Structures are given as structure tokens and as C-alpha cells.
Amino acid sequence: MTRLIWGLVIGVLLAPATARAQADEVVYYHTDAVGSVRMVTDASGAVVARYDYLPFGELWPTVPPNPDPDVRQFAGKERDPETGLDYFGARYYRAQSGLFLSGDPGDVGADLFDPQSWNAYSYALNNPLRFVDPMGTCSQDAKGNYFDGDEAGTLVAPGLCAINKGALDAGVTETVSVKSKSAIVALAEGINVGAGPVADPLFIVGFYGASALGGLGVAGATAGVGAEAITLGVARLAPLAPLAGQLNFTNTVLKHMSNPGRMVPIQTLAEAIRSGTRMPDPQGAAGAVKVVQQVFVNGTPRTLEIIYREADKTILHFLYK
Amino acid sequence: MRLILVFHPGTIRPGHATYRRSEFALDCGVERIPVAQTAQAKIDRSVGIREPTWLAIADTLSITFSGSDAELVSFDAYSNLANWVASSDLTLPEVAGVGTVRLAEPPPRSDRIDLGMVPTFRYSQRQQRLRIEFGAVPSHYYQVSTCLIVGADDDGLATLEVSDLKVT
């Protein structure tokens, strides 16, 4: 039986302080800058295995150098010997294509101003030499810092990948419009204090906010903020999951939600309620507001309209057109 | 934008029309006649392929056209009865035919048709009738169910005439 002992910091294999216990033998992993296992040594320091990789994690040469390859390889992730897929926690990754097998969980993490983040299947902003994606949900450098995808690689928020879901769980954030990246950094640092553990990767929300339908961040175009804020994007770390779980529906709305041609994901409704443009309900329902939000449905821009009663968090009506 | 319709003669079908005050919800449907399913339809259904549906939207009112022939099957609206225009007498129009009303040209690339207008609701509580007006005067009427008559002019949909409206 093989017992693997390794340190976990948001999914990153720690080296060289990690060891694999196999029968009575202790071996040590040696990893590179992106956490890939490059060498395995025994207790005496003798090399028992070496691994080289192409940039996106494919073994080079493709035939493993030893007949009993170690499970943990590219980015320190377990490589399934039968499928060759790497397990990143939230989803599986295929090194031969450099893509995840499924989209970004919840279609979040896209940044309107970072085209490399628009592809929900891409790995580490298509820059695997610089970034890693420890949980399959967010790209960061080896120190856990999140960078935007431009050539300059501007630091956006230190340690963001580690904190964003924790901040959501802690419920310490609100919708905040920012006019500079330094403000985003300050915001992220402030949130870091109250961050808790990552609980459910499905509800991790991208730093700039994103449409659950289109995968492309739209929060930057949220009405009600100034033109400058629209240009630079709106940082949103709102606790969407709690609101989505608290939403109520009328019988008519429930009927529409059960119709595949009309339903809108609850997360998207919650997102729109939190960040959409509000106005009085034209029909005059007591305590209700009309919420309008631009969303993407199958890549097509649509206008989502919701009639929402704040007091009991009830959706009275919704449709997109 | 006008909703261009075509009429196909047929038999009158059962329908329902209800309004729930608590939800501001108007719901009107036409019972569809079950037809013998083709092999393709059976296969489609077994693998979860739904028949095509189009929604014509006028403010909070949505008219559903369904099936390969894009037939009007229902409509619903979020609308406050207190805002409807009260009318003591809504004359029942003379129908030119009984059958189905279909979209003349279902949009091939979208399942939504935005009419870009706010319809007027005219209601007679005494007669339990509701007329929804789309800004045109109908020149002919087609009865599509026991409680729904569609009024149209040469350019498209003009009114929806609902009878036996049950308000709860």
C-alpha cells in the first residue's frame, strides 16, 4: 500500500518538506516553480525518478521514465494512470490539450478586461509557466497572488484565490465600485482579515463578478455607477450564495422556472437582484421593485427583468428578452 | 414590431383563463390536440430534445408559440388588475374562423420576439371578459379556444380576447 503524505496550502504540493511513505521506504518529492514533481529521491538522497514536462503538463518524453510513475505529477496534482487526467479538485484537466474538461465552476472568474479569462476551459490564463490553478477555480502565481492577464502582469490582488470564497462565506463584503486597481488591492487586503475556509467551489465568485449564464463578466457595466467605474470595472465580492438560497418564488414563477425555455438559474437571478438597475414596479405591487440587468444567454446579450419584493425576498415575475 | 400571424382552420379546443390577484398573474392556455407521434418525435423526446418554442414578449406579457408549426398555445402576464381599464361592456367579436393561430415566420436564430410595446388591458368584471390590445384595430377574429379569440389586422396581432376569466 502506498501512503502519500503531503502538505496542502490551497492545493499546492509543498516541497521538499513532503514525503511519500511506501512500505518502509520514505521518498521525497522535489517540485519546480509551478509545483510539478520533477524529481523523487529516497532517504539517502538517491534519485529514484525524474519527470520533465511540456509547458501545459504533458510528460516529456511521453513515456514515463520509470515503470511505476508517481501519482502526483504536473502542478503536484494526482494524474489518473488510466485516463491521464489531472485532478484539480473542482474539475479534471487534460495536459495533452492544455484545457480543463469542464468549464469554470459556476461560470465565474471571468474578467471583462482580460480576454485570457474568457475561455472557461483554459488553464492558468493560458500561461502555465507563470500561473497555477490550484483548485481549478482561479489562476494565481506561486505566492497565491492574482494577476490580470495583460502583458505587464499587473498585480490585482494579493492572495485573492485563497480569500474570495472565504470572504463570501464570512459575508463580510458588499457591492463596491472601485476606480483604481490600488483600491481593489486595498479591498482584497481588508477582506483577507475575515476570510474563512473554502467550502464549496461551485459558489466561488470571480473578483470582477461574472454572469452565470455567459461566463463573461458583466458587472463592470452595472448601472448606477459612474462612467469611470464602468470603464475600470466594478469589484464585486457579494455573498451571492446566501441570497440565492433565500429567494422565494410565487407559484407562477415556479412554473416558469420549471420550463427549460424560460427558466433562469437562481444564481443569475440573485446576481441580477444584487447588482441590477432598480426602479419602482410599474404594476405597483407593494414593496416590489423592478430589476433590470444585462445578461448573456448562450453567448447572446439579453435583458433580464425581475419583479422582486425585498421584504420576503420573493420573485414575483421574471423574464429575459 | 408587429407579430405576423397566419390562421389555420380546425376545431375549437378547450382552454382556460385565470387571474390570481395575490400574484398579479394572468394565465391563459389552449389545450393541444394530441397527435400521433412520429418516430423522430419519439426519439427526440427520449433524448431530451424539446419541441421548439418561441416567446413573443410585450412588457410583462409573454405569448408562447410552440411546435414545429409555431402554434399559439398560451400566454401569461404579470399585471395588476387594479390598473386595467374597467369596461362595462366588451362586445364579443364575430369570428371569421375557428382553428389555430401560428407565427407566420418563426425567427430561426432566436426564441424571443420583443414586441417593444406595452399592451392595454381592458376588463369587464360583469362579463368576465378581458381584452388585451396591442395598438391596432383588428379587422378579423379567429377563435382558438373556448375562451380565447385572437384579433388581427393585415399587419399582425391586434388583440387577445379572453372570456370566462376566473379571478381568484
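The values are calculated or read from the model by the stated rules, or taken from the named source; none is laboratory data. Because the structure is predicted, anything quoted here is derived from the model rather than measured. Cβ coordinates were reconstructed from backbone atoms using ideal geometry, including for glycine residues, and neighbour counts include every protein chain displayed.
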Of the numbered conditions (1) modelled with pLDDT under 90; (2) buried (at least 17 other Cβ atoms within 10 Å of the Cβ); (3) in contact with a Lys or Arg (Cβ under 9 Å, 6 or more places away or on another chain), residue B:55 satisfies every one except a single condition; which is it? (1)
So, residue B:122, is that one surrounded by fewer than 18 Cβ atoms within 10 Å (Cβ to Cβ), in a strand (DSSP E or B) and modelled with pLDDT of 95 or more or not? yes
Kindly establish whether residue B:34 is modelled with pLDDT of 85 or more, surrounded by fewer than 13 Cβ atoms within 10 Å (Cβ to Cβ) and either over 27 Å from residue A:287 (Cβ atoms) or in contact with a Ser or Thr (Cβ under 9 Å, 6 or more places away or on another chain) (or both). no
Anything in the range B:89-110 that is within 14 Å of chain A (Cβ to nearest Cβ) and surrounded by fewer than 16 Cβ atoms within 10 Å (Cβ to Cβ)? List them, or say none. B:107, B:108, B:109, B:110
Spans of helices (runs of 4 or more DSSP H) in the range A:204-291 with at least 2 residues touching a helix residue (DSSP H, G or I) at 6+ places or on another chain (Cβ under 8 Å), at pLDDT 50 or above and closer than 16 Å to residue A:317 by Cα: A:251-257, A:266-275
Filtering the range A:298-321 down to residues that are of a type outside the set (Asp, Glu), buried (at least 18 other Cβ atoms within 10 Å of the Cβ) and within 10 Å of another protein chain (Cβ to nearest Cβ) yields A:302, A:307, A:314, A:316, A:317, A:318, A:319, A:320, A:321
Residue list for the range A:257-297, filter: crowded, with 19+ Cβ neighbours inside 10 Å, within 12 Å of another protein chain (Cβ to nearest Cβ) and not polar (S, T, N, Q): A:262, A:281, A:285, A:288, A:290
Residue pairs qualifying under the 8 Å Cβ cut-off, at least six apart or on distinct chains, with the first in the range B:68-85 being facing another protein chain (nearest Cβ under 7 Å) and the second being assigned to a loop (DSSP other than H, G, I, E, B) and surrounded by fewer than 20 Cβ atoms within 10 Å (Cβ to Cβ), are B:80/A:284; B:83/A:284
Report whether or not residue B:74 is under 20 Å from residue B:32 (Cα atoms) and surrounded by 17 or more Cβ atoms within 10 Å (Cβ to Cβ). yes
The range B:111-146, residues that are on the phi > 0 side of the Ramachandran plot, away from chain A (no Cβ under 14 Å) and in contact (Cβ under 8 Å) with a residue 40 or more places away in the chain: none
Kindly indicate the residue of the range B:1-50 that is among the aromatic types (Phe, Trp, Tyr) and part of a strand (DSSP E or B) and also farthest from the other protein chains (Cβ to nearest Cβ) among those meeting that condition. B:7
Can you confirm whether residue A:197 is assigned to a loop (DSSP other than H, G, I, E, B) and at pLDDT 80 or above? no
